[in-house]
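Let me begin by presenting the structure, written as structure tokens, before commenting on it.
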Amino acid sequence: NLSEWSRGEILTAEKELLGFYVSGHPLDPYRELLDRYCLHDSETVKALESRSVTRIGGLIATVQRGISRRTNKPYIISTVEDLKGTFQVLCMNENYDKFQELLQPNGTVLVIGEANNSENTPKFFPQDIIPLDDAPAKFTKQVHFRLNGSELKPDRMEELFGIATSHPGRCPLYICIRRQDGRLVFLDTSEKYYVRPSEQLRIEMIEMFGSDSYYAKVDASLPDPPKRRWQKKANNGE
């Protein structure tokens with residue numbers, strides 16, 4: 001008997017045979033993460049000034065390795081797909097050593113780095129690259145569990161705090177109560193109930209308390225652009 005293909009295998013075959021996806025996209029399960037934690041996508045990033053720093057994510061489609069003729073050092077150029085198109089990530093020098101194991105085909109990543117829009121396909125020089133699944137833990141400032149006032153019952157609160165304690169972490173947790181008059185009441189929790197934000201935590205809350213029961217306050221701050229060599233020399237008085 002022939003075993004059924006997995007969804008991933010079907011999508012891979014569609015892309016290889018047709019050049020595009022038909023039955024879905026490999027990033028469909030990551031839409032929420034991409035929408036919430038990316039600051040730009042492969043289309044909107046083109047409106048940025050070149051060398052702007054931003055946060056962008058996607059699926060690694062191809063990885064090209066080579067040796068620089070100028071420096072005789074290895075480099076990686078990865079083509080990354082998101083839901084709007086593609087962009088490239090260039091790693092060389094210390095970034096090659098730092099990120100080479102993470103840049104593998106079919107991996108999902110979040111890239112924090114400097115965008116170069118001088119070509120049709122945006123190119124990024126990363127300051128950091130992390131697995132896309134780690135984005136909530138790294139870039140969430142607060143988590144809110146949102147409940148209707150009618151759900152303030154001992155058994156429901158026990159279920160809520162049970163979810164929190166099954167995802168222990170360092171991110172502050174707030175309980176947001178919707179009153180019948182429409183007003184919101186926020187209750188902060190002790191560190192005992194602080195959580196590690198994740199997609200699994202979001203899913204568990206939604207399954208138990210409804211689609212609007214989970215909110216993550218995202219940290220949209222970005223690192224400063226890296227200094228150029230001439231800037232470093234100027235700062236050193238050379």
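Please work out if V109 is touching a helix residue (DSSP H, G or I) at 6+ places or on another chain (Cβ under 8 Å), hydrophobic (A, V, I, L, M, F, W, C), not assigned by TED's automatic domain parsing to the domain that holds E199 and not in a loop (DSSP other than H, G, I, E, B). Spelling it out, V109 is indeed touching a helix residue (DSSP H, G or I) at 6+ places or on another chain (Cβ under 8 Å), hydrophobic (A, V, I, L, M, F, W, C), not assigned by TED's automatic domain parsing to the domain that holds E199 and not in a loop (DSSP other than H, G, I, E, B). Within region 207-220, residues that are of a type outside the set (K, R) have Cβ atoms under 9 Å from residues that are assigned to a loop (DSSP other than H, G, I, E, B) and modelled with pLDDT of 95 or more in these pairs: A216/P197; A220/L39, counting only partners at least 6 apart in sequence or on another chain.
Here P168 meets each of (1) surrounded by 14 or more Cβ atoms within 10 Å (Cβ to Cβ); (2) over 30 Å from L103 (Cβ atoms); (3) in contact with a Phe, Trp or Tyr (Cβ under 9 Å, 6 or more places away or on another chain); (4) not β-branched (V, I, T) with one exception, condition (1). V111 passes all but one of (1) modelled with pLDDT of 95 or more; (2) out of contact with any strand residue (DSSP E or B) (no Cβ under 8 Å at 6 or more places or on another chain); which number fails? Tallying (1) modelled with pLDDT of 95 or more; (2) out of contact with any strand residue (DSSP E or B) (no Cβ under 8 Å at 6 or more places or on another chain), V111 fails exactly one: (2).
When the test is whether a residue is modelled with pLDDT of 95 or more and assigned to a loop (DSSP other than H, G, I, E, B), P197 passes it.
Scanning for something without any contact (Cβ under 8 Å) to a residue 40 or more places away in the chain and over 21 Å from the mean Cα position of the chain (by Cα), does region 126-138 turn up at least one residue? The answer is no, given that none of the residues of region 126-138 is without any contact (Cβ under 8 Å) to a residue 40 or more places away in the chain and over 21 Å from the mean Cα position of the chain (by Cα). For region 96-104, the count of residues that are surrounded by fewer than 20 Cβ atoms within 10 Å (Cβ to Cβ), part of a strand (DSSP E or B) and in contact with a strand residue (DSSP E or B) (Cβ under 9 Å, 6 or more places away or on another chain) is zero. Scanning region 200-227 for residues that are assigned to a loop (DSSP other than H, G, I, E, B) and over 20 Å from the mean Cα position of the chain (by Cα) turns up G210, S211, D212, S213, P226, K227. Of the strands (runs of 3 or more DSSP E) entirely within region 26-94, those holding at least 2 residues that are aliphatic (A, V, I, L, M) and touching a Pro at 6+ places or on another chain (Cβ under 7 Å) occupy 53-67.
The values are calculated or read from the model by the stated rules, or taken from the named source; none is laboratory data. Just so you know, these numbers come straight off a predicted model, no measurement behind them. Neighbour counts run over all protein chains shown; Cβ positions are idealised from the backbone, glycine included.
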